[in-house]
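The values are calculated or read from the model by the stated rules, or taken from the named source; none is laboratory data. No experiment lies behind these values; they were computed from the predicted model shown. Here the Cβ positions follow ideal geometry from the backbone for every residue, glycine too, while neighbour counts run over all protein chains shown. Note: areas computed on protein heavy atoms with side chains; ligands, DNA, RNA excluded. Shrake-Rupley method; radii C 1.70, N 1.55, O 1.52, S 1.80 Å.
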Amino acid sequence: MQSPTRDSPIHPMRLLTALAALLYAVHASAADLPRLTAERVAGDVWYFRGESGQATAGNAGYTSNAAFVVTPRGVLLFDALGTPALARAMLQAIAAVTDQPVR
């Protein structure tokens, strides 16, 4: 394998670390996930604030933000976060705010 150079776009070890963290996050149980809490921005506008930085086992890949708006016709969701497990946790957190379906 060729050594990375300063011009390499991604250092191989960083790529492997990120992939390992994401694989862990995909397979993590709901108990291992960070607790997602919807934060009200204004009125019926809410968001989830992810941790800043790279995906790791410690943050279960929760490194991005997502938002939703509750409307009379349902919930409009922006972003499903980085893994299926986080998306499920987010849907549970939305259900704590409203009984409207996610559309």
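At a glance:
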{"read-out": "Residues that are part of a loop (DSSP other than H, G, I, E, B), open to solvent by 20 Å² or more (accessible area, probe 1.4 Å) and of a type in the set (Phe, Trp, Tyr), drawn from the range 53-85", "value": "none"}
{"read-out": "Val102 at pLDDT 90 or above, more than 13 Å from the chain's Cα centre (by Cα) and open to solvent by less than 50 Å² (accessible area, probe 1.4 Å)", "value": "no"}
{"read-out": "Flag if Arg88 is more than 26 Å from Met13 (Cβ to Cβ), modelled with pLDDT of 90 or more and open to solvent by 50 Å² or more (accessible area, probe 1.4 Å)", "value": "no"}
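To keep it simple, each residue is scored yes or no on (1) out of contact with any His (no Cβ under 6 Å at 6 or more places or on another chain); (2) at pLDDT 80 or above; (3) acidic (Asp, Glu); (4) under 29 Å from Pro101 (Cβ atoms).
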site	(1), (2), (3), (4)
Pro34	yes, no, no, yes
Thr37	yes, yes, no, yes
Ala57	yes, no, no, no
Val69	yes, yes, no, yes
Ala80	yes, no, no, yes
Pro84	yes, yes, no, yes
